[in-house]
1. Can we say residue 95 is assigned to a helix (DSSP H, G or I), farther than 26 Å from residue 177 by Cβ and not charged (D, E, K, R)?
2. Test of understanding: among 204, 212, which residue is open to solvent by less than 30 Å² (accessible area, probe 1.4 Å) and assigned to a helix (DSSP H, G or I)?
3. Just give me the residues in the range 134-172 being part of a helix (DSSP H, G or I), farther than 24 Å from residue 103 by Cα, open to solvent by 20 Å² or more (accessible area, probe 1.4 Å) and not aliphatic (A, V, I, L, M), in sequence order.
4. Which condition breaks for residue 122 when tested against (1) surrounded by 14 or more Cβ atoms within 10 Å (Cβ to Cβ); (2) of a type in the set (Lys, Arg); (3) out of contact with any Leu (no Cβ under 9 Å at 6 or more places or on another chain)?
5. Tell me which of these residue 194 doesn't satisfy, since it passes every other one: (1) touching a Lys or Arg at 6+ places or on another chain (Cβ under 7 Å); (2) in a loop (DSSP other than H, G, I, E, B).
Amino acid sequence: MASILERKNKVKAPKKTREDYAEDALYREVWEEVNNDKTLAFIKKYSKYMIAGALSLLIIVTAIQIGVRTHRANKMAMAENYESAVLNMDANALAGIAKNASGANADLALFQAYVLDNDVTKLEELAKNGATRDFRDLAKMHIVALRGDDMTAADVEKYLSDLNTKKSPFYYTSRLVVAQKYLASGDRDAANKWLDVIINDADAPAVVSANAQTLR
């Protein structure tokens, strides 16, 4: 290759002779030998670490595969147990599934167990520790339906206060329940306050809004 000075002075690089090519070939051969020696030396030096790393990676991959298979197997077993519990209407089995499951699956199993045996403690557990807002709020609505007669209007309002957000699927229904409780206690002013919340909300479901207007 021409040097910088040769390029600057427009001096042509001398043509390589046969000896030059032979020298280049020898240089490349020596360089390859050196590289091979260095590579072998590197492998010998770090072979233990490389093997250990490969084994570790193999163990991790195997563990992940086993974990995935186990997870799938557990899911399938739980689904089969759930189906069997529902078909047999086995409240105790559903309650057991709820303890071992997670998320909405656990909440659904516990709620279905309550439907079968009417054990209010299951509703209380769901209302307090349910994994999802939907089932927690549903449980609270059922508890008020069961125990509302023994609660004051203020108690009902306080108990359902967590549902006083549109994040709750029972937002409008719970407001209507609070209003009805105030009406039952003779406090129409307090009832109208809650009814107006529903009536003046354009997003309120038509049925709930119609009930609110009727009570107003």
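1. yes
2. On the way: 204 fails: assigned to a helix (DSSP H, G or I).
The conditions single out 212.
3. Hits for the range 134-172 are 147, 149, 150, 155, 157, 158, 172.
4. (3)
5. (2)
The values are calculated or read from the model by the stated rules, or taken from the named source; none is laboratory data. Every value quoted in this text rests on a predicted model; they were computed, and no experiment measured them. Cβ coordinates were reconstructed from backbone atoms using ideal geometry, including for glycine residues, and neighbour counts include every protein chain displayed. Side chains are part of the model used for accessible areas, which takes the heavy atoms of the whole protein and leaves out ligands, DNA and RNA. Shrake-Rupley method; radii C 1.70, N 1.55, O 1.52, S 1.80 Å.
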